[in-house]
Structures are given as C-alpha cells and as structure tokens.
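This report refers to the structure that appears directly beneath it.
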Amino acid sequence: MTKIKVIALDLEGTLISNAMSQFPRPGLYAFLEACRGRVERVVMFTTVKESVFRPIADLLVAEGHAPSWFRDIEFVTWEGATKNLDWIPGVQPEEALLVDDFEIYVHPGQEAQWLRAPFFDWPYPDDDTGLGIVLEMILNCTERRPGSTCGVE
C-alpha cells in the first residue's frame, strides 16, 4: 500500500463558504490541525487565485478560525479544468488525497484519491459536521483501517 504524504484542500464550499463571504466552516481549526498531524504536507489546491487566498488565510488566522501555519500553507498553482495531483511537487498522485466538494475538478484516473467533502452552503449552519465527516475519511485512508475504503468508489 502507498503511504499518503499530502492532503490537498479545496477552499470554497469545503473549508469556507466562498471567497466573497468567507464564513469559516465549523471545526475548521481542529480539522486543519488534524490534517497536519496525519501527513507530511497539507497544501491548498483551489480555484481561487493565490493573491485572493492569502488575505483570506490571514483573516481566518487573525480571527482564530485557523492555526498560524495556515497563513503560509503551500499553494498549488494550476490551470485547466481539473486538479491534477501530478502538479503537487515531490509526490506521486497515489501519495496524495484531494479534499473537494465538486467532482468536476477531479482529474480523470485520480478518483480513488478524491475525498468528497459535503458542500458547505447557505445558511452555513453552526452545527455543520462536514469537516468531521472528511476527517473520518482521511483517517480511513491514512490508517488503512480494516474494511474501510479510501476515495470515492
């Protein structure tokens, strides 16, 4: 079995509402810390441009919704229609997980590396458990729990 080394995170609809309203998803801080504790690297892999993302990250940290390291999280720059895990430097696609709410961004042939995040949508409930659901999937993938699956089947 290949060891998971990287968790690639989507921003909009996964970690926050969107780049305009920027409501943090409940449990964001704990989720980010748990991700960082499971793998060698956590990276941002989003359709939002880095110049827009960095101020959002700064605000999330300043407001206590994200740990300080999130300000400087590695950012994967990409273009095209899908998030190809080959674009993450230093890892093979099978060594990475993509946490994203939209299937259309999953690169063909990398479906097994995709963890579908429940979409965080209006009215942005305070009792949303989406990140807890994703964390359970991450634990299944990184611990290779008996009988569990990793990625979308």
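The values are calculated or read from the model by the stated rules, or taken from the named source; none is laboratory data. Being a predicted model, the structure only gives us computed values, none of them experimental. Cβ coordinates were reconstructed from backbone atoms using ideal geometry, including for glycine residues, and neighbour counts include every protein chain displayed.
What is the number of the single condition among (1) over 18 Å from Leu15 (Cα atoms); (2) in contact with a helix residue (DSSP H, G or I) (Cβ under 9 Å, 6 or more places away or on another chain); (3) surrounded by 13 or more Cβ atoms within 10 Å (Cβ to Cβ) that Met44 does not meet?
Here Met44 meets the rest and fails (1).
Do we have Gly90 as surrounded by 13 or more Cβ atoms within 10 Å (Cβ to Cβ) and either of a type in the set (S, T, N, Q) or on the phi > 0 side of the Ramachandran plot (or both) here?
no
State the number of residues belonging to the stretch 80-121 that are within 12 Å of the chain's Cα centre (by Cα), of a type in the set (Gly, Ala, Ser) and assigned to a loop (DSSP other than H, G, I, E, B).
The number of residues fulfilling the criteria is 1.
Would you check if there is a residue in the stretch 23-40 being more than 15 Å from the chain's Cα centre (by Cα), in a loop (DSSP other than H, G, I, E, B) and either modelled with pLDDT of 95 or more or of a type in the set (S, T, N, Q) (or both)?
Within the stretch 23-40, one or more residues are more than 15 Å from the chain's Cα centre (by Cα), in a loop (DSSP other than H, G, I, E, B) and either modelled with pLDDT of 95 or more or of a type in the set (S, T, N, Q) (or both).
Answer with yes or no whether Val43 is in contact with a Lys or Arg (Cβ under 6 Å, 6 or more places away or on another chain) and either at pLDDT 95 or above or not in a strand (DSSP E or B) (or both).
Considered against the rule, which asks whether it is in contact with a Lys or Arg (Cβ under 6 Å, 6 or more places away or on another chain) and either at pLDDT 95 or above or not in a strand (DSSP E or B) (or both), Val43 comes out as no.
Checking the structure you have, find out if any residue of the stretch 132-144 is farther than 23 Å from Asn18 by Cβ, surrounded by fewer than 19 Cβ atoms within 10 Å (Cβ to Cβ), out of contact with any Asp or Glu (no Cβ under 9 Å at 6 or more places or on another chain) and of a type in the set (Ser, Thr, Tyr).
Yes, because at least one residue in the stretch 132-144 is farther than 23 Å from Asn18 by Cβ, surrounded by fewer than 19 Cβ atoms within 10 Å (Cβ to Cβ), out of contact with any Asp or Glu (no Cβ under 9 Å at 6 or more places or on another chain) and of a type in the set (Ser, Thr, Tyr).
Which of the residues that make up the stretch 70-79 are outside any loop (DSSP other than H, G, I, E, B) and surrounded by fewer than 19 Cβ atoms within 10 Å (Cβ to Cβ)?
Arg71, Asp72, Glu74, Phe75
Can you confirm whether His65 is in contact with a helix residue (DSSP H, G or I) (Cβ under 7 Å, 6 or more places away or on another chain), more than 23 Å from Leu28 (Cβ to Cβ) and surrounded by 15 or more Cβ atoms within 10 Å (Cβ to Cβ)?
The answer is no for His65.
When only residues in the stretch 30-62 that are in contact (Cβ under 8 Å) with a residue 24 or more places away in the chain, in contact with a Ser or Thr (Cβ under 7 Å, 6 or more places away or on another chain) and not charged (D, E, K, R) count, which is farthest from Phe102 (Cα to Cα)?
The residue in question is Val39.
Please go through the stretch 98-113 and pick out each residue that is touching a strand residue (DSSP E or B) at 6+ places or on another chain (Cβ under 9 Å) and charged (D, E, K, R).
Result: Asp100, Asp101, Glu103.
Test Leu131 against the criterion of being assigned to a helix (DSSP H, G or I) and at pLDDT 95 or above, and give yes or no.
yes
Collect the residues in the stretch 1-19 that are farther than 17 Å from Val76 by Cβ, in a loop (DSSP other than H, G, I, E, B) and at pLDDT 95 or above, keeping them in residue-number order.
The answer is Gly13, Ser17, Asn18.
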